[in-house]
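Right, one structure below, let's go through it.
The values are calculated or read from the model by the stated rules, or taken from the named source; none is laboratory data. On a predicted model such as this, the values are computed, not experimentally measured, just so you know. Positions of Cβ are backbone-derived with ideal geometry, glycine not excepted, and every protein chain shown enters the neighbour counts. Keep in mind that these areas ignore ligands, DNA and RNA; they rest on the heavy atoms of the full protein, side chains included. Shrake-Rupley method; radii C 1.70, N 1.55, O 1.52, S 1.80 Å.
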Amino acid sequence: MCTTCGCSKGAGTVITDPETGERIETPAEGKSGAARKPGSWRQLAGGGAGVSVAAHLHARAHRHVHETHVHEHHHAQTPVALDHPATEQSPIPPSEVAIAAATHGTTIALEQDVLAKNQLLAEHNRGWLASRHITALNLVSSPGAGKTTLLERTIRDLQALRSTQSIQVIEGDQATLNDAERIRATGCRVVQINTGTGCHLDASMVSRALAQLDPPSHAWLMIENVGNLVCPALFDLGEQAKVVILSVTEGEDKPLKYPHMFRASRLMLLNKVDLLPHLRFDVERCIAYARQVNPSIEVLQVSAQTGAGMKAWYAWLEAAALAEVGETVR
Ligand SMILES: Nc1nc2c(ncn2[C@@H]2O[C@H](COP(=O)(O)OP(=O)(O)OP(=O)(O)O)[C@@H](O)[C@H]2O)c(=O)[nH]1
Ligand SMILES: [Mg+2]
C-alpha cells in the first residue's frame, strides 16, 4: 500500500507479457487468496550472469543519514537507508521526516516501514541488474508528458542508426496495455504492469516484471512509471537514475510545486519544445526552478515528436551506460 496516499489499498497488480499473453496477478495486500509466486530475489539471482550479487552489494562504502546524525557503512552498492526513508538520495529531507514523525507518530512509522521494505527490495533489484551490467532508468512524469512517445522515438532512432543496443521496457499504468502495445510495435521486448488503483510502481512489482522480462546482459532497461509527479518520487525501483520528463505545456513552476520529484531525478528532459512558439513558457525560469530544488540536476530540451534535441539524450544514455559498466566491471 502507498501509505503516502493510500492509493493501492484494495487493488491488485497484474503484470502482462503482451507477446505471450502471460498474466501474473498479485492480490492487494490484506486480501485473501495466494498470489502466484512473484519473481523473488532468489529467482532473479539464479538467472544472473554469474557475478556475485552479495559481493556487488558489498562493493562500495556509503553514508546513511539518520534523523540526527550521519555515519558510514560498507554494505551496499549505493547510498541507502534500510531503516529510514530519509537518505542522501531520498527526496524527503531528514528534517521534514523528523518533524512529521514528531507530529504524526505511528503513521510515519508505518510509512517508514513500507519505504524501508521497498528500499531493501530496490537494492536487490539494483544488485541483480548490476550483475548483468544493465543500465536501468526510471522515467517519471505527470500523465501525458510524453514518456511513451520518447521511448518509441528513442528505440526507433537507435534501430535506424543500426545500434545493436538491446533496449527492453517495463511499462507502468493503472490500466490498459496501450503503452506496452505501442512499445511492442517498435519490435522491442516489453512487459506491462497494471497497478489498479495504485499510483506508482514499487520495487516488488519491478522484481516480478524482471523475472518475466529476463533482460539480457548489457541491455538498457527503461521503466516507464505511472504518470504522477508525487508518489513515484518516494519509491526506489533499483534503477540507476530517475529521469523526469516535464512538458512545456505543464507550466514552468512544476519543479517548485513538486520538488521531491525533481530532487530525486538526475536528469530533467524538457519535452514538447516544438510547442514553445504557441505557449507562454519561460524555459530559463523553469530550469532555474529545477536547479533551485536540485542544483545538480542535468537538463536537456527535446521534442519526442519532431526529434529535436534527441541526439543529446542518446549521448546522455551512452554516458550513463558507460558509467554503469565501468562501475560493475571494476
Ligand atoms: N507536440 C508534441 N506532442 C508530444 C510530444 N511528445 C508527446 N506528445 C504528445 O503528448 C501526448 C501524450 O504522449 P504520451 O507519450 O502518451 O505521454 P505519456 O507520458 O506516456 O502518458 P501516460 O503514459 O499516460 O502518462 C500524445 O498525444 C503525444 O503525441 C512532443 O514532443 N511534442
Ligand atoms: Mg505512457
Going by amide H atoms built from the backbone, whose H comes under 5 Å of the H on GLU298, apart from near neighbours? LEU267, MET268
Could I have the simple spin-label model distance between THR20 and ARG291, label points 7 Å from Cα toward Cβ, reported in nm to one decimal? 4.8
Describe numerically, in nm with one decimal, the distance between label points set 7 Å from Cα along Cα→Cβ at ALA312 and at ALA160. 2.0
Cα-projected label distance for ASP253 with ALA319, points at 7 Å along beta-carbon direction, nm: 3.2
What accessible area, in Å² to the nearest ten, does a 1.4 Å probe give for CYS231? 0
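Report the FRET efficiency, 1/(1 + (r/R0)^6), for LEU275 and ALA116, where r is their Cβ-Cβ distance and R0 is 51 Å, rounded to 0.05.
0.80
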What is the stretch 247-330 by shape, rounded, prolate or oblate, if you read a ≥ b ≥ c off the alpha carbon gyration tensor as root eigenvalues and call it rounded for a/c under 1.5, prolate for a/b larger than b/c, and oblate otherwise? oblate
If each part is reduced to its alpha-carbon centroid, the stretch 276-330 and the stretch 146-219 end up apart, in Å, by 20
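Can you tally the net charge around ALA319? Count Lys and Arg as +1, Asp and Glu as -1, for every other residue whose Cβ sits under 12 Å from the Cβ of ALA319.
Working: positive: ARG266; negative: GLU298, GLU318, GLU324.
So the surrounding residues net to -2.
If I stretch the segment between ALA185 and GLN305 completely, what's the gain in nm (0.36 nm per residue apart, minus their alpha carbon distance), one decimal? Write out the running numbers ahead of the final one.
Numbers: separation 120, 0.36 × 120 = 43.20 nm, distance 1.67 nm.
Gain in length upon complete extension: 41.5 nm.
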Which listed pairs, of LYS147/LYS311; LYS117/LYS242; LYS254/LYS311; LYS117/LYS147, have C-alpha distances above 21 Å, in listed order: LYS254/LYS311; LYS117/LYS147
